[in-house]
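This report refers to the structure that appears directly beneath it.
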Amino acid sequence: MGSRFEGLDEPDIELHELKIVVVGCGGGGCNSIHRLNSIGLDAAMTLAINTDQRSLKATDCPNRLLLGPEFTKGLGTGGRPDIGQECALNAAPMLSKVFKDADLTFIITGLGGGTGTGASPVVADIARRSGSMVISVATTPFSFEGSTRRNIAIKGLKRLREASNSLLVIDNDHMLHMVENLPVDQGLAVIDQLISELIKGVVDILTAPSLINLDFADLRTVMEEGGVSTILYGENADPDAVVRDALNNPLLDVDIRGGTGALVHITGGSNLTLKRANRIIASITKILDEGANVKFGVRVDEEMQDTIRMIAIVTGISELHGDLAPPISSGDDLGKVLGKFGP
């Protein structure tokens with residue numbers, strides 16, 4: 001007697017290829033794109049956009065877009081966000097083509113100036129209207145840059161939050177304390193490195209094969225939990241230290257206790273055991289809400305040797321701290337990037 005399944009054919013389904021776009025807006029965003037391309041990001045398209053032609057040409061990126069040459073003549077906005085916004089609006093048809101069929105878009109920007117502050121909310125809005133999930137990463141001005149730039153940043157932060165599914169904020173003042181004894185160029189490079197490694201890590205989670213995979217559907221499910229969101233990053237040989245370093249990082253301005261969703265990915269060498277991986281995941285889970293929706297993935301990478309890396313996206317957090325945090329209402333996604341990159 002033949003099998004009851006005899007004659008059934010496996011359906012021929014063309015797998016969806018995830019389209020990820022990473023956009024750097026303005027001088028700060030383009031610096032991060034430059035760094036991101038230098039470390040390599042094959043699984044995503046990178047785009048640098050700026051009103052400053054000289055700065056744009058110096059950016060290592062295969063795709064570059066000069067905004068508003070008819071307004072600025074390639075000289076920048078003079079620190080005026082209204083001009084940056086108008087330049088981005090004029091480029092909307094071209095940007096819509098970039099974001100066509102995009103599943104996930106990262107927008108990197110520095111707030112407080114003209115192009116980054118004015119253009120990034122427009123770019124985020126165009127990406128979302130095109131059907132993409134948008135995660136924005138923004139840096140805020142140093143205190144020594146003055147109250148004018150800080151006030152501009154606060155207003156830009158509010159607009160960018162409203163245009164994004166999730167907004168991750170890096171306070172440059174916090175970074176300053178970590179790199180204050182480094183030369184200026186090295187100190188600023190640490191900020192770009194943090195952003196680049198963070199985005200590359202999330203892209204790799206979604207696109208590179210793992211022993212236990214996480215995919216875009218998992219990310220979307222976690223992001224739908226709403227509330228404040230944050231990304232945790234830790235690297236150490238000791239599983240307990242991985243979590244401790246991430247939670248105690250000086251950039252942490254958000255309390256993840258009671259979070260309602262988390263996507264946790266662990267990468268380690270050949271000596272990474274299920275017991276060590278479980279220890280990390282359990283340490284994060286016990287801090288979250290009892291009914292939290294937790295998804296996890298594990299990858300073995302021989303190059304990691306004895307080091308363990310954890311990246312966790314936590315959502316549904318109720319509190320946000322910091323003087324640059326705009327008012328939070330139900331369903332808002334706002335958080336602070338956290339990473340282990342210091343001198």
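Numbers at a glance
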| item | result |
| --- | --- |
| Considering residues of segment 64-76 that are within 21 Å of Val137 (Cα to Cα) and touching a residue at least 24 places away in the same chain (Cβ under 8 Å) only, the residue farthest from the chain's Cα centre (by Cα) | Leu67 |
| Selection from segment 44-65 of residues that are hydrophobic (A, V, I, L, M, F, W, C) and within 16 Å of Ile108 (Cα to Cα) | Ala44, Met45, Leu47, Ala48, Ile49, Leu56, Cys61, Leu65 |
| Selection from segment 87-99 of residues that are more than 14 Å from Val23 (Cβ to Cβ) and buried (at least 21 other Cβ atoms within 10 Å of the Cβ) | Cys87 |
| Residue list for segment 137-180, restricted to those being touching a strand residue (DSSP E or B) at 6+ places or on another chain (Cβ under 6 Å) and over 30 Å from Glu224 (Cβ atoms) | Asn172 |
| Hits in segment 90-114 (condition: within 18 Å of Lys158 (Cβ to Cβ) and out of contact with any strand residue (DSSP E or B) (no Cβ under 6 Å at 6 or more places or on another chain)) | Gly112, Gly113, Gly114 |
| Strands (runs of 3 or more DSSP E) wholly inside segment 232-343 containing at least 3 residues that are at pLDDT below 85 | 308-317, 334-336 |
| Every residue from segment 293-303 that is in contact with a strand residue (DSSP E or B) (Cβ under 6 Å, 6 or more places away or on another chain) and either surrounded by fewer than 16 Cβ atoms within 10 Å (Cβ to Cβ) or not basic (Lys, Arg) (or both) | Asn293, Val294, Phe296, Gly297, Val298, Asp301 |
| Selection within segment 98-139 - over 20 Å from Asn63 (Cα atoms) and among the polar types (S, T, N, Q) | Thr117, Thr139 |
| Residue that is outside the structural domain of Ala138 (by TED's automatic domain parsing) and not in a loop (DSSP other than H, G, I, E, B), where the choices are Val190, Val222 | Val222 |
| Flag if Ala102 is touching a residue at least 60 places away in the same chain (Cβ under 8 Å), surrounded by fewer than 24 Cβ atoms within 10 Å (Cβ to Cβ) and touching a helix residue (DSSP H, G or I) at 6+ places or on another chain (Cβ under 9 Å) | yes |
| Given (1) at pLDDT 85 or above; (2) farther than 26 Å from Arg276 by Cα; (3) under 13 Å from the mean Cα position of the chain (by Cα), index of the condition Ile170 fails | (1) |
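The values are calculated or read from the model by the stated rules, or taken from the named source; none is laboratory data. Just so it is clear, the model here is predicted, and its values are computed rather than measured. Here the Cβ is made from the backbone with ideal geometry for all residues, glycine too, and neighbour counts use every protein chain on show.
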